[in-house]
Amino acid sequence: MMQKLSLLHIALVYLAAINVVAFFMYGIDKWKAKKSKWRISEATLLLMAVFGGSIGAWLGMKVWHHKTLHKKFRYGVPAIIIVQIAIIVSCLYE
């Protein structure tokens, strides 16, 4: 039981951290776009969502109004969220 709790704690800390990082990466990329500076690649932004930062990525898109017109982000990030929720639900009911 204690090991499961520790794994859950680690997973929650990881998810919180990666979502915060993803959120700010979208904001930084938006800022860089406005300043015509070197940008964060779209692949990196999407990978942040795939590796657990999907909620932060989605919030970053909404708050910073960034990548909302790109189909791979507009549909891809919500699709990633749905898949991740399905994985979590299936793990909870094992």
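Within region 29-38, the set of residues being closer than 16 Å to His65 by Cα and not aromatic (Phe, Trp, Tyr) comprises Asp29, Lys30, Lys32, Ala33, Lys34, Lys35.
Within region 1-18, track down each residue that is open to solvent by 100 Å² or more (accessible area, probe 1.4 Å) and of a type in the set (Ser, Thr, Tyr). Hit for region 1-18 is Tyr14, nothing else. Whenever a residue of region 46-68 is touching a residue at least 24 places away in the same chain (Cβ under 8 Å) and among the basic types (Lys, Arg), its partners that are surrounded by fewer than 20 Cβ atoms within 10 Å (Cβ to Cβ) and part of a helix (DSSP H, G or I), lying with C-beta atoms within less than 8 angstrom and at least six residues away or across chains, give the pairs Lys67/Glu42; Lys67/Arg74.
None of Val77, Val21 is open to solvent by 60 Å² or more (accessible area, probe 1.4 Å) and of a type outside the set (D, E, K, R) except Val21. The residues of region 75-94 that are closer than 24 Å to Asp29 by Cα and more than 13 Å from the chain's Cα centre (by Cα) amount to a single one, Tyr75.
Taking residues in region 32-43 that are free of Cβ contacts under 8 Å to residues at least 24 places away in the same chain, and partners anywhere that are in a loop (DSSP other than H, G, I, E, B) and surrounded by 13 or more Cβ atoms within 10 Å (Cβ to Cβ), the pairs with Cβ atoms closer than 8 Å and at least 6 places apart or on different chains are Lys32/Arg39; Lys32/Ile40.
Exactly one residue among Lys30, Lys35 is surrounded by 15 or more Cβ atoms within 10 Å (Cβ to Cβ) and more than 11 Å from the chain's Cα centre (by Cα), and that residue is Lys30.
The values are calculated or read from the model by the stated rules, or taken from the named source; none is laboratory data. Not measured: the values here are computed from a predicted model. All Cβ positions, even for glycine, are placed from backbone atoms using ideal geometry, and neighbour counts span all protein chains on display. The area values use the complete protein model at the heavy-atom level, side chains included, leaving out ligands, DNA and RNA. Shrake-Rupley method; radii C 1.70, N 1.55, O 1.52, S 1.80 Å.
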